[in-house]
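All remarks here apply to the structure that follows.
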Amino acid sequence: MEVNNGIIIDGVLHELIKTNSEAYCDDCSLYGICVQQMLICHALNGDIFTNRGRVADIKIDKED
């Protein structure tokens, strides 16, 4: 699976997604640690984070 925008916390990948509808904070996988005054998702130009599960292997493509 390829992820362009995500955060790994304690070995779990949370992917930032952009929805075409109204997103609610309590549906976000980072709701428990989010600082409500400065929404992490909005600061990164997204709507909500979703839990994609545990990370087994990370591969990074280098740009030349």
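Straightening the chain between residue 25 and residue 4 buys 5.5 nm, computed as 0.36 nm per residue apart minus the Cα-Cα spacing. For the chain, relative contact order (Cα pairs under 8 Å, six or more residues apart, normalised by length) works out to 40 percent.
Within the shell of other residues whose beta carbon sits under 13 angstrom from the beta carbon of residue 40, the net charge comes to -2, with Lys and Arg scored +1 and Asp and Glu -1.
Grab the other residues whose beta carbon is less than 11 angstrom from that of residue 19, score K and R as +1, D and E as -1, and report the net. Overall, the nearby charge balance is -2. Computed over the Cα atoms of the chain, the ratio of the radius of gyration to the Kirkwood radius (Rg/Rh) comes to 0.99. Note on residue 18 and residue 45: their simple-model spin labels are 0.7 nm apart, each label 7 Å out from Cα toward Cβ.
In loop segments of the chain as defined by DSSP, the GluC sites (Glu not before Pro) with at most 16 further C-beta atoms inside 10 Å of their C-beta are 2, 22, 63.
Here, each number is a calculation from the coordinates, and none is a lab measurement. Quick caveat, the model's predicted, so the values are computed rather than measured. We place every Cβ from the backbone using ideal geometry, glycine too, and count neighbours over all the protein chains shown.
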